[in-house]
Amino acid sequence: MVYEALRECGLRVALYTSPHLVDVRERIVVDDQPISPEAFAAWTERLRPAIEQTGASFFEVTTALTLADFAMRGADLAVIEVGLGGRLDSTNVITPLVAAVTNVGMDHTEYLGDSIEEIATEKAGIAKKDVPFVIGETDPDVADQLERVASSKGASVVRVMPETPYDGPLAFEGAHQRRNAATAQALLGELPASLRPTSEQLERGFARAWLPGRLDRRGKWLFDVAHNVPGIGSLVRALQVDRCPRPVHALVGVMGGKDVLGMLRELQTVVDRIWITDPPSAPQWRREDPHRFVSGGDPGIHIETDFDRALQRVQRDAETVVVTGSFHTVGDAMARLPGFRPLG
């Protein structure tokens, strides 16, 4: 949303997001043009000595490559999404014009901590001295923790009031996106006056802003990258409002360390049958055996670890097919269904 609103100002705007669905180049975009395969290869080769010397991670390498590409392509502004947490994330090498945290959930606990307070502290680690820090979190206790950490770093804190969601035109579906839009609107309002979109530019940008895999409807298919209980909860609420044609079947592939049973319980309130599978693009260390979480006693849940077979079986007799649980699951399905790849 921020990216599209800034593009309405006539600026050359870059966007860094993660993870990707099918092609790593989805992450690195300037004015809607992903980095070319040739540029990606050239930057990787140029950075190879530093990569080998430091033992940099994939995300660290991608972040360095991205910032180099944005500079080379002459971006006026870059919208940078944090990868994981904030304080120790490789994107935190930058000093932004403004920073924001949308919300905090129990996710990536093996890295960020075992409590909401610890995770909030890590996320607030992107706050910088004299830089506006926008808080979109609606839970007052969590928002208080974010504010405490940000204020201790000398940031100027802006809290988005829970009762004031954005009510203008919006391409994204789902009530939670109204809240995200209010946070984006507040972030844009904290930019220097020379870069700040007008209300008309903001509305045009928000009306166009869209990403594949976020309540993404394509015929009878609905793709959503929800990968934790709060995300699945937002998906479920959207399905309750829209009343998709039934029967509704779901293809679900979840990474290790997640509350799989909690996610399945949420989904069972709105879908008729669930196929649990193992997305092949997921690295082995992130996979978990679905049999650990689900026994064979529930007739509404089926386990099919072969992804291609699961993709075929979930379609049978379904009027709506929901694909969710992780970026890997959505991306692997899109890669196999004709015409659904994000980059063609």
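The values are calculated or read from the model by the stated rules, or taken from the named source; none is laboratory data. Nothing here was measured: the structure is a model prediction, and the numbers come from that model. Positions of Cβ are backbone-derived with ideal geometry, glycine not excepted, and every protein chain shown enters the neighbour counts. The protein model used for the area step is the full one, side chains on, heavy atoms only, and it has no ligands, DNA or RNA in it. Shrake-Rupley method; radii C 1.70, N 1.55, O 1.52, S 1.80 Å.
Within region 149-162, restricting attention to residues that are modelled with pLDDT of 95 or more and among the aliphatic types (A, V, I, L, M), which residue is surrounded by the most Cβ atoms within 10 Å (Cβ to Cβ)? Even if it seems obvious, please write down each step before you answer.
Of the residues in region 149-162, the ones modelled with pLDDT of 95 or more are 149-160.
The next check asks that each one be among the aliphatic types (A, V, I, L, M); those that pass are 149-150, 155, 157-158, 160.
Details: 149: 23, 150: 26, 155: 22, 157: 17, 158: 19, 160: 24.
Top of the filtered list is 150.
Tell me, yes or no, whether region 29-36 has at least one residue that is polar (S, T, N, Q) and open to solvent by less than 20 Å² (accessible area, probe 1.4 Å). So far as region 29-36 goes, no, none of its residues is polar (S, T, N, Q) and open to solvent by less than 20 Å² (accessible area, probe 1.4 Å). Look at region 15-32: where a residue is farther than 18 Å from residue 61 by Cβ and a partner is assigned to a loop (DSSP other than H, G, I, E, B), sitting 6+ places away or on another chain with Cβ atoms under 6 Å, you get 21/213; 21/342; 22/341; 22/342; 30/73; 30/75; 31/12.
Across region 250-261, a minimum of one residue is classified as touching a Phe, Trp or Tyr at 6+ places or on another chain (Cβ under 6 Å) and modelled with pLDDT of 95 or more.
What are the pairs, 6+ residues apart or on separate chains, where a residue within region 92-118 that is closer than 26 Å to residue 77 by Cα has its Cβ under 6 Å from a residue that is hydroxyl-bearing (Ser, Thr, Tyr)? So the pair list comes out as 100/183; 102/183.
Out of the residues in region 293-315 that are closer than 14 Å to residue 248 by Cα and β-branched (Val, Ile, Thr), state the one that is surrounded by the fewest Cβ atoms within 10 Å (Cβ to Cβ). Here the answer is 301. Checking each residue of region 254-268 against the condition of being under 28 Å from residue 100 (Cα atoms), over 23 Å from the mean Cα position of the chain (by Cα) and in contact (Cβ under 8 Å) with a residue 12 or more places away in the chain gives no match.
Being in a helix (DSSP H, G or I), under 23 Å from residue 231 (Cα atoms) and not small (Gly, Ala, Ser) is the filter; apply it to region 316-344 and report the residue that is most open to solvent (accessible area, probe 1.4 Å). It would help to see each step written out before you state the result.
Filtering region 316-344 for residues in a helix (DSSP H, G or I) gives 327-336.
Narrowing the set further to residues that are under 23 Å from residue 231 (Cα atoms) leaves 327-335.
Okay, now just the ones that are also not small (Gly, Ala, Ser), so 327-330, 332, 334.
Working: 327: 27, 328: 46, 329: 0, 330: 0, 332: 13, 334: 0 Å².
Across region 316-344, the extreme among qualifying residues is 328.
Does region 34-45 contain any residue that is within 18 Å of the chain's Cα centre (by Cα) and within 22 Å of residue 94 (Cβ to Cβ)? Break it down into steps so the answer makes sense when it comes.
Pass one, region 34-45, residues within 18 Å of the chain's Cα centre (by Cα): 34.
Adding the requirement that they be within 22 Å of residue 94 (Cβ to Cβ) leaves 34.
For region 34-45, residues within 18 Å of the chain's Cα centre (by Cα) and within 22 Å of residue 94 (Cβ to Cβ): present.
Identify, please: which residue in region 43-93 is among the polar types (S, T, N, Q) and open to solvent by 40 Å² or more (accessible area, probe 1.4 Å) and is, among those, nearest to residue 115 (Cα to Cα)? Step by step, filter region 43-93, then rank; the result is 57.
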